[in-house]
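S.K.: Submitted below is the structure of interest, expressed as structure tokens.
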Amino acid sequence: MLCSDPVKIPGDESGDKENSVLFRVAEGLRERIEQSKEYTVVSEKDSEPQKLPVFESWMWSSEYDEALKFEKQLLKQYQGKTFEEALPEGKVISNKQGNCYEISTTCFSTFRNTTCEKSRQILLSDLKVLPGIGLVTEQILKNEGYPTVEDLTRHPRWTKQAQTYLKLVNTKKVDLLQTWLWQRLPKSHPLLHYLAGFCQNQDFAIIDIETLGLSERPIILLGIAKPTKNNSLSTKQFLLQDIPDEPSALWALLSQINPQLALITYNGKSFDVPYIKQRLAYYGINASIDNPNFDVLHFTRRALKPKLANCRLETVEKYLGIKRDINIPGALVPHFYDTYLRTKNVGPLIPIVEHNRQDLLTLATLFSKLYEEWQFDK
């Protein structure tokens, strides 16, 4: 983990004073949270599929109505319950940034990665990874007896570039290979997915966050899952019992990430990771989270968009045959958490935690299933 101590506030030498300042900052933010809605409720009868919003800022009117009914049930069911009674898999943890609530579970998972040998074969089979080679040139070179980049190391024109790329492949430098391929291919290209074969299962961390809005508002839950032996995922979720817990939850997540881990996210390159960095900067916490990131949303759009009404994770789950036992639309997470803050009833937190955990499990399944969608072996 590339982390260092929080930035000290000038003139504040005491750790207790520093935590007090962070508390006051977070408390002030909690008081300033606006109650504006950042979602649209869409009627099934009046909507046209091609005009639906692209991502999770909308929900069907039936989903909205069911969610509000569910919220009332939860408030009644959990009236007077403590955190420990409502979320028995969890406990309060402490770190240098304060306290938060950690929920730990082990879940069955069919997470599967491709092999290192298969990845190497695929990554060397596409000559267009080299600058200057397009579709026509690639076909000419293959007809001339250069079917792979490795073969091009003996070509009079392409030797140097082929050798440079081959060295990256042979040394399995995932971060450098990602940068190379992003300069030549779309971020949704299957070759970028096959880079994952250079990582062992224990080298992955699936992350997903829940926030109070789409920009500059607190992260209320940070989830991380790591594949383990025996077809399972070890999940940890860091939940805010109140807004001032956010620095502690951020720090707890960072403690689970080291530089060798490769991240698996869904829109994480554009949302989750930048949002985490934004919140770290807000609290003056000097830390880095620049790990290789396999953003599954890009691959899903390329492989499944023709088969799906949209690329919301819930829609993808239906395609994969995954059913959620407890669920609320992602856009309503801020509403449910605000209800918890106002009522001090832990009930609305239950579906938020379950929603986040299921997102982690779905990402593990989707990441694996996408290998079946690519056309290399068909």
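The values are calculated or read from the model by the stated rules, or taken from the named source; none is laboratory data. Worth saying up front: this structure is predicted, and the values here are computed from it rather than measured. Neighbour counts run over all protein chains shown; Cβ positions are idealised from the backbone, glycine included. We work out accessible area using only protein heavy atoms, side chains counted, and drop any ligands, DNA or RNA first. Shrake-Rupley method; radii C 1.70, N 1.55, O 1.52, S 1.80 Å.
S.K.: Surrounded by fewer than 21 Cβ atoms within 10 Å (Cβ to Cβ), modelled with pLDDT of 95 or more and over 30 Å from Ser61 (Cα atoms): is that true of Lys277 in this structure?
M.R.: Taking the combined requirement at face value, the residue satisfies it.
A quick yes/no check of all residues on (1) within 13 Å of the chain's Cα centre (by Cα); (2) assigned by TED's automatic domain parsing to the domain that holds Pro348; (3) under 30 Å from Gln73 (Cβ atoms); (4) touching a residue at least 40 places away in the same chain (Cβ under 8 Å):
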residue: Ala262; (1), (2), (3), (4): yes, yes, no, yes
residue: Asn286; (1), (2), (3), (4): no, yes, no, yes
residue: Val296; (1), (2), (3), (4): yes, yes, no, yes
residue: Lys307; (1), (2), (3), (4): no, yes, no, no
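S.K.: Something else now. Of everything in the range 125-147, what is outside any helix (DSSP H, G or I) and not small (Gly, Ala, Ser)? Give them in sequence order.
M.R.: Listed by number, the residues that qualify are Asp126, Leu130, Pro131, Ile133, Glu144, Tyr146, Pro147.
S.K.: Okay, next question. Here is a check on your reading of the model: is Ser94 surrounded by fewer than 13 Cβ atoms within 10 Å (Cβ to Cβ) and either modelled with pLDDT under 95 or not basic (Lys, Arg) (or both)?
M.R.: Yes, satisfied.
S.K.: Six or more apart or on different chains, Cβ under 6 Å: which pairs go from a residue in the range 158-186 that's assigned by TED's automatic domain parsing to the domain that holds Pro259 to one that's buried (at least 17 other Cβ atoms within 10 Å of the Cβ)? Could you list them?
M.R.: No pair meets every condition.
S.K.: Mind checking which residues of the range 332-349 are open to solvent by 20 Å² or more (accessible area, probe 1.4 Å) and among the aliphatic types (A, V, I, L, M)?
M.R.: Leu341
S.K.: A further question on this structure: Residues to consider are Leu195, Leu181, Leu152; find the one that is part of a helix (DSSP H, G or I) and over 24 Å from Leu304 (Cβ atoms). I'd like the intermediate steps shown before the answer.
M.R.: Working: Leu195 fails: over 24 Å from Leu304 (Cβ atoms); Leu181 fails: over 24 Å from Leu304 (Cβ atoms).
The unique qualifying residue is Leu152.
S.K.: Would you check if Ile326 is open to solvent by 10 Å² or more (accessible area, probe 1.4 Å), touching a Pro at 6+ places or on another chain (Cβ under 9 Å) and among the hydrophobic types (A, V, I, L, M, F, W, C)?
M.R.: The answer is yes for Ile326.
S.K.: Something else: Here's a check for you: in the range 239-251, which residue that is of a type in the set (A, V, I, L, M, F, W, C) and closer than 12 Å to Ile276 by Cβ is most open to solvent (accessible area, probe 1.4 Å)?
M.R.: Trp251
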